[in-house]
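The values are calculated or read from the model by the stated rules, or taken from the named source; none is laboratory data. As the structure is a computational prediction, the values presented were derived from the model and not from experiment. Positions of Cβ are backbone-derived with ideal geometry, glycine not excepted, and every protein chain shown enters the neighbour counts. Please note that ligands, DNA and RNA were not included when accessible areas were found on the heavy atoms of the full protein model with its side chains. Shrake-Rupley method; radii C 1.70, N 1.55, O 1.52, S 1.80 Å.
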Amino acid sequence: MKNTYDYLIVGAGLFGATFAHRANSQGLRCLVIDKRPHSGGNIYCENIHGINVHKYGAHIFHTSDCRVWDFVNAIVPFNRYTNCPVAQAPDGKLYNLPFNMNTFYQMWGVKTPEEAQRKLDEQRREAIEKMAAEGVDEPRNLEEQALSLIGRDIYEQLIKGYTEKQWGRPCNQLPAFIIRRLPVRLTFDNNYFNDSFQGIPIGGYNRLIDGLLKDIEVKLDTDFFADRAHWANIADKILFTGKIDEFYDYQFGKLEYRTVRFETEVLNTPNWQGNAVVNYTSADVPFTRIIEHKHFERFGNEVYDNPITVISREYSTEWHEGMEPFYPVNDSRNQEIYRQYKQLADMETRVIFGGRLAEYKYYDMAPIISQALSLPL
Ligand code: UDP
């Protein structure tokens, strides 16, 4: 007997919704299920007093891929939000991020790129000489990477405390690649991303998800694992976007994650911190950053149109059963466990694995879309 659906899509997050949209537009019959009471996965926003609150952490869309940018803007137009976070450092001062001429001026008083370069060279010398003395070509960990890229002052004020809070491990035990994507610039440019396009969907991320899932059957509060035998036979193929270790009954062990706990507060003031993102880089402050959500969608004096604001303090913690998994911990132990699950996944003929949890990989939103648009149907 022919199955009711061509595809069962497990997970209504960005990967699942994009894939469903594409399959549906090609005439394939899709059913999307999600165990949460809402669609959207971690990009879901909750509207509080007219403000879209990023319930699972700040999401800022950025890409240089025209195909992806055109695709999402055809679903919902994006606004002009440009991410320019600031950091409150242990010395009590505020610094611009990413590391640029504004940061160097605030840190050392240098005013020209030439002065800044001289200061950076002086700051980096210690680490580079130490590595040379030890016969090391490449930084072996995040601390060496930071010290050789930017030097001790910035490492201690803006990197060490933040990173150790975020990952719960000392910087000299973390992989160097985590910090490699942080730009260092000799221009007065506070734009966090180097990408050609960035923004937030006008009206919020739920519009993007609702647009992707338009005309597609979605069942919420529906857990694949609660009746696996039933779901396994409802469609010809399955796109699975949940945790790969759970799919294989944890037979090679459990994969580890970092998660984020949010303390969200409604405040009776129109503009509390003047920016969407303020990082707290001191080890003495328990949270990593504070998000003031209205700044993602209101610019300039528009923020005063709403007399109320909503902020979220983010606390990074180790993941335990029952929490939402956020960041994969891609250390060698976890990668080895994942490799074994991946071997099983590669042998599947009816199941495709996609996204952050099924591929155990840290993904930004744009690559998720690109990947979901490229998979063979
Ligand atoms: N980072 C830092 N200080 C900051 C912001 C970031 O040291 O104020 C480092 C930290 O190691 C972090 C990495 O840069 O893990 C990547 O940060 P990003 O904000 O890009 O990560 P996201 O939170 O978006 O995953």
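Ignoring ligands, DNA and RNA, what percent of the accessible area of region 1-145 is carbon or sulfur (1.4 Å)?
The value for region 1-145 is 49 percent carbon and sulfur by accessible area.
Please give the solvent-accessible surface of R29 in Å², to the nearest 10, using a probe radius of 1.4 Å with every protein chain present.
Roughly 90 Å² of R29 is accessible to a 1.4 Å probe.
What distance in nm separates the simple spin-label points at I308 and T187, each placed 7 Å from Cα in the Cβ direction?
Taking the two extended label points, one gets 4.1 nm.
Under a 1.4 angstrom probe, counting protein chains only, how are E46, E126, E246 ranked by accessible area, largest first? If you can, show how the numbers build up before the last one.
Numbers: E46 70, E126 90, E246 45 Å².
Per-residue accessible area, sorted high to low, gives E126, E46, E246.
Please work out the FRET efficiency for the pair K254 and Q26, using the Cβ-Cβ distance as r and a Förster radius of 35 Å; give the result to the nearest 0.05. Present the calculation step by step, with values, prior to reporting the outcome.
Working: r = 37 Å, r/R0 = 1.05.
Computed FRET efficiency for K254 and Q26: 0.45.
What is the gain in length, in nm to one decimal, between E265 and D236 on full extension, counting 0.36 nm per residue of separation less the C-alpha to C-alpha distance? Show your work: numbers first, answer last.
Working: separation 29, 0.36 × 29 = 10.44 nm, distance 4.56 nm.
Answer, rounded to one decimal: 5.9 nm.
Within 13 Å, Cβ to Cβ, of Y95, how many net charges do the neighbouring residues add up to if Lys/Arg are +1 and Asp/Glu are -1? Please report the intermediate quantities before stating the final value.
Numbers: positive: K93; negative: D91, D153, E156.
With Lys, Arg at +1 and Asp, Glu at -1, the net is -2.
Count charges around Y155 for me, please; just the other residues with Cβ under 11 Å from its Cβ, Lys/Arg as +1, Asp/Glu as -1.
Details: positive: R124, R152, K160; negative: E126, E143, E144, D153, E156.
Summing Lys and Arg as +1 and Asp and Glu as -1 gives -2.
If you roll a 1.4 angstrom probe over the protein chains with everything in place, what fraction of the accessible area of region 225-377 belongs to carbon and sulfur, to the nearest %? Provide the component values of the computation, followed by the final result.
Values: 3510 of 7040 Å².
The nonpolar share, carbon plus sulfur, comes to 50 percent.
Return the whole-Å distance between the Cα centroid of region 97-138 and the Cα centroid of region 331-353.
Cα centroid of region 97-138 versus Cα centroid of region 331-353: 41 Å apart.
Test of understanding: extend the Cα→C-beta vector of R169 to 7 Å, then name every residue of region 120-144 with backbone N under 18 Å from that spot.
Inside the label zone: 139-144.
I'd like the accessible area for C84, computed on protein heavy atoms only with a 1.4 Å probe and all protein chains in place. Round to 10 Å², please.
Estimated to the nearest 10 Å², C84 gives 40 Å².
Between region 270-284 and region 221-268, what is the separation of their alpha carbon centroids in Å?
Spelled out, the Cα-based centre of one part sits 32 Å from the other.
So, by mean Cβ neighbours within 10 angstrom, what's the order for 338-351, 11-24, 181-194, 59-72 with the highest one leading? Each step should come with its number before you reach the end.
Numbers: 338-351: 13.3, 11-24: 26.4, 181-194: 15.0, 59-72: 17.9.
The packing order, highest mean first, is 11-24, 59-72, 181-194, 338-351.
For T317 and E129, FRET efficiency with R0 = 25 Å and r from the beta-carbon atoms, rounded to 0.05? Numbers along the way, then the final one.
Values: r = 37 Å, r/R0 = 1.49.
Here the calculated transfer efficiency is 0.10.
Of the beta bridges DSSP finds with both residues in the chain, what % are antiparallel, to the nearest 5?
On the way: 30 of 49 bridges.
Percent antiparallel among DSSP bridges in the chain is about 60.
Just the projected area, averaged over all directions, of the convex hull on the alpha carbon atoms of the chain: how many nm²? Working shown, then result.
Values: hull surface 82.4 nm².
Average of the hull's projected areas for the chain equals 20.6 nm².
Stick to the Cα atoms of region 98-186, pair each with every other, and give me the Kirkwood hydrodynamic radius in Å at one decimal. Display every interim value, and only then the final one.
Details: mean 1/r = 0.0748 Å⁻¹.
One decimal place: 13.4 Å for the Kirkwood radius.
Just to be sure I understand the model, the point goes 7 Å from the Cα along the line to the Cβ. What's the resulting N141 to N73 distance in nm?
Using points 7 Å along Cα→Cβ, the separation is 4.5 nm.
Full extension from E114 to R350: what is 0.36 nm times the residue separation minus their Cα-Cα distance, to one decimal in nm?
Details: separation 236, 0.36 × 236 = 84.96 nm, distance 5.86 nm.
That works out to 79.1 nm of additional length.
Evaluate the distance, in nm, between pseudo-label points positioned 7 Å from the Cα of L373 and of N47 along their respective Cα→Cβ axes.
Roughly 2.8 nm, to one decimal.
Excluding N42 itself, what net charge comes from residues whose Cβ is under 9 Å from its Cβ, given Lys and Arg +1 and Asp and Glu -1?
Details: positive: K55, R356; negative: E324.
That sum, taken over residues with Cβ under 9 Å, equals +1.
With angles folded into 0 to 90 degrees, how steeply does helix 365-374 sit against the dominant principal axis of the chain? Use alpha carbons for both and round to 10.
40
Could you work out [θ]222 nm for the chain from helices alone, using -39500 (n - 2.57) per DSSP H run of at least four and dividing by all its residues? Round to the nearest 500 deg cm²/dmol.
Values: 12 runs with 115 residues, N = 377.
Rounded to the nearest 500, the figure is -9000 deg cm²/dmol.
What do you get for the angle between helix 14-25 and the principal long axis of the chain? Use alpha-carbon atoms, 0 to 90 degrees, nearest ten.
The helix 14-25 is inclined about 40 degrees to the chain.
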